[in-house]
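Below is one structure, written out as structure tokens; comments come after it.
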Amino acid sequence: MSEAEKTKTRRGRLPGDPRDEDRLARMIRVDHAGEYGAARIFDGQLAVLGKTDVGPVIREMADQEKAHLETFDRLLIEKHVRPTALAPLWHVAGFALGAASAIAGPRAAMACTVAVEEVIDEHYQCQLESLDEQDAELAETVAKFRDDEIAHRDTGLAYGAEQAPAYGTLTGAVKAGTRLAIWLSERI
């Protein structure tokens, strides 16, 4: 074991834990997948609600997600990280979730947004806690995008998400699905 590996082990890395470069690759892969899925959810919502009064609000959030996705597209290339093999599934599932929530009404669409963004807030916070000075660029990106996701959650709440029919059931299901998508996208 090299001296650097011994030092890392003493700082909390255990045998079998991913190497730093593997850990960063997983972060970039899952964050790219998440931003791709979020963009597709908003595409689905816009397909249904794009011409309603809430359309411009959804479009603004969608534009931010697309900017996030462009950043992670660039990071995939720069850091030589393969995207998740599940992207075709997230393409369909994201759009379907967005459209289905929008069909249930603007408040349900906003409830979907709140649920996803709450999970992403937790996910990004965990990443920030594990990043160090070597990962300053990624930490800065994650912190900025986390702030945007929190703002999306707050927008959803301001637009009546909690008044959606079956709010607790809807958000619980969306949160569970989002957590599963994160777990799978890190690994596949």
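Nothing in this text is a laboratory measurement; each read-out follows from the coordinates by a stated rule. Here the structure is a predicted model, which is why all the values come from computation and not from measurement. All Cβ positions, even for glycine, are placed from backbone atoms using ideal geometry, and neighbour counts span all protein chains on display.
With unit charges on the beta carbon (Lys/Arg positive, Asp/Glu negative), name the residue among GLY156, TYR124, PHE95 whose Cα is farthest towards the positive pole of the charge dipole of the chain.
PHE95
For the chain, what relative contact order do you get, as a whole percent, if you take Cα pairs closer than 8 Å and at least 6 residues apart?
About 27 percent, as a whole number.
Under a Cβ-Cβ cut-off of 14 Å, what is the net charge of the residues other than ARG107 that fall near it, where Lys and Arg count +1 and Asp and Glu count -1?
In short, -2.
Dipole magnitude of the chain about its Cα centre, charges +1 at Lys/Arg Cβ and -1 at Asp/Glu Cβ only, in debye to the nearest 20?
Using only the charged Cβ atoms, the result is roughly 660 debye.
Starting at the first residue of the stretch 113-124, write each ³J(HN,Hα) from the Karplus equation 6.51 cos²θ - 1.76 cosθ + 1.60 with θ = phi - 60°, in whole Hz, x for Gly and Pro.
Karplus-based 3J(HN,Hα) across the stretch 113-124 equals 4, 4, 4, 4, 5, 5, 5, 5, 4, 4, 4, 5 Hz.
How long are the semi-axes of the equivalent ellipsoid of the chain, defined as square roots of 5 times the Cα gyration tensor eigenvalues? Whole Å, largest first.
Value: 33, 16, 15 Å, ordered largest first.
For each of TRP183, TRP90, count neighbouring Cβ atoms within 10 Å of the residue's Cβ, then give the residues from fewest to most.
Numbers: TRP183 11, TRP90 23.
So the residues, fewest neighbours to most, are TRP183, TRP90.
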